[in-house]
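Written out below as structure tokens is the structure these notes cover.
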Amino acid sequence: MKPKLTLTDDPKPGVRDAIVGPLIAFNNCRASQPENHRPLVIILSDQDSDEIIGGLWGATNFSFMHVGLLFVPDSLRGIGFGRRIMLQAEQEAIARGCRGAWLDTYSFQARTFYERLGYSAFGILDDYPPGQHRIFMQKALTG
């Protein structure tokens, strides 16, 4: 076999699966437990129109929950929706056997919000984006 490298910003359908499939097999042979990736999504929608206005996009895997996205519109901030979404996600993660959660946020976003929920920083990328920080946070989950 003669390998070649191809750089693209527009991969064809199936390229990610072709890369991730062998990686998961590799991980499952070496990790203490097999991967059990499962989406965890909470949708925040308009009660009348069902239009999606925010929510949480994450997943559980290897006994941890990862929050990839959390958005609550300005008009609903400060009245508990973000907290309710996070607590619901954490409870579901615990029900799935998770013992921890992790996420990342930017210095101009919600670090203090997550700290009030019990998350602590475990890593920071300085100057990402320029003049700001990307903050990685974690929390132990207990039932």
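Worth pointing out:
- When you restrict to C-alpha pairs under 8 Å that are six or more residues apart and normalise by the size of region 36-140, the relative contact order lands at 21 percent.
- For the chain, built as a Gaussian network whose Cα springs stay under 10 Å, the top-fluctuating residue of Ser120, Ser107, Ser45: Ser45
- Over the residues of the chain, the helix contribution to mean residue ellipticity at 222 nm works out to -8000 deg cm²/dmol, using -39500 (n - 2.57) for each DSSP H run of at least 4.
- Once the Cα atoms are used to define both axes, helix 81-95 deviates from the longest principal axis of the chain by about 50 degrees.
- Amide H contacts under 5 Å for Ile53, placed H, 5+ residues apart: Leu44, Ser45, Asp46
- Gain on full stretching of the segment that runs from Arg38 to Thr112 - 0.36 nm per residue minus C-alpha separation: 23.9 nm
- Note on Lys139: aspartates and glutamates with a C-alpha under 20 Å away, same-chain residues under 8 apart excluded, are Glu90, Glu92, Asp104, Glu115.
- Phi-based couplings in Hz for region 44-51 (Karplus 6.51, -1.76, 1.60; Gly and Pro marked x): 9, 9, 5, 4, 8, 9, 6, 5
- Hits among lysines - C-alpha to C-alpha of Lys12 under 25 Å, sequence gap 8 or more where chains match: Lys2, Lys4
- Calculated from the structure at hand, semi-axes √(5λ) of the Cα gyration tensor in Å is found among [x] 22, 18, 14; [y] 31, 23, 12; [z] 30, 20, 19 as [z].
Laboratory data are not the source of any read-out in this text; all were calculated from the coordinates shown. Bear in mind that the values here come from a model prediction, so they are computed numbers and not experimental data.
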